[in-house]
Amino acid sequence: MKHPTVSVCVATYNQRDLIETCLRSILDQEVDANVQVMVGDDASTDGTSDVIRLLAEEYSPRLKHCLRGSNLGAAANMCDLLSCVDGEFVARVDGDDYWLPGKLARQLAYLQENPGCAGVYSNAITVDDATNRIGLFNDVGDACFDLAGLLRRGNALNNSSVLFRVEYIHGWRDITEQIDYQAHLWLAQRGWLGHIGEPLAAYRVNTQGSMVFGMNEAVRELYWQAIQSVPRDLVADDDYAHGLADFLRRVFFRALRTHDARLFRSWASRVFAASPYGPLRTSALMTSAIVRIAGKMLVGRLLGGNHRHILYRH
């Protein structure tokens, strides 16, 4: 496909100091494609709208400012943007994140060379609000995932790095809650997912607008619902049990960090009830996952550098 159209959907709310970096990083990509950017400005009150308005004038007609009359919320804001795309390929970005040079060209070539790939992600550097580099988003490397593989090891994919084919937009558009793992699992039911190990995006850690930062328990419940959304006839019992064990491994580490044993006990009972393998075997799978991740964390500490600061170990 020569000179395709890529629709990029950016959701933002009160990110005055961050949104310009995000939008310029997209619009300044060097790629043989028609890049159209739609910004869902969710009734910002801090001057974000003024920044976007000036950029829309500078980059017209490639940048469309969709100013909301009232606050829709992050998920509804993004869903509305996705309902308006008209390109052959679609990307979605959170307004506090940004892309690195060469990102779009690399991923567009990947999808064009791999017709069976439904969507491609990349690693990301992690940064703070001041754009100081912290480490890496994941340790996945160059990889391909089918549904079973994505379920067994859980989510380590960066949402703001995705580029997918427009025919698979429904899985992203129809999700009414802000949880990316459910969209990844839905997409993996339509084709395999690619992951580029090189960081091609930047992810801001624990910003004030982050749902993970402010609503950890709500995210945990949505993550559980994402696992439950996978049709059981599409995955083997072993894959499903590994996915549940990996989820419980994540709960274990959270309970350890917060000194909250009740958190682990409450989720363990739910996981054991849902697992086709029962409490003993599921506990063994969870323990194996804990040992695997703890080993990676130890190696990271010994090696230092980016190996030390990895947000999601896979």
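Looking only at residues in the stretch 19-65 that are of a type in the set (A, V, I, L, M, F, W, C) and in a loop (DSSP other than H, G, I, E, B), the one that is surrounded by the fewest Cβ atoms within 10 Å (Cβ to Cβ) is Ala43. Could you grab me the full set of residues in the stretch 63-117 that are basic (Lys, Arg) and in contact with a Cys (Cβ under 8 Å, 6 or more places away or on another chain)? Residue satisfying the conditions is Arg92 alone. Kindly indicate whether any position in the stretch 166-180 is within 24 Å of Gly304 (Cβ to Cβ) and either assigned by TED's automatic domain parsing to the domain that holds Ile19 or modelled with pLDDT under 95 (or both). Among the residues of the stretch 166-180, not one is within 24 Å of Gly304 (Cβ to Cβ) and either assigned by TED's automatic domain parsing to the domain that holds Ile19 or modelled with pLDDT under 95 (or both), which makes the answer no.
Considering the conditions (1) of a type in the set (Lys, Arg); (2) in contact with a strand residue (DSSP E or B) (Cβ under 8 Å, 6 or more places away or on another chain); (3) closer than 25 Å to Gly119 by Cβ, Arg68 is excluded by exactly one of them, (3).
The values are calculated or read from the model by the stated rules, or taken from the named source; none is laboratory data. As the structure is a computational prediction, the values presented were derived from the model and not from experiment. Every residue, glycine as well, gets a Cβ built from its backbone with ideal geometry; the counts of neighbours run over all protein chains shown.
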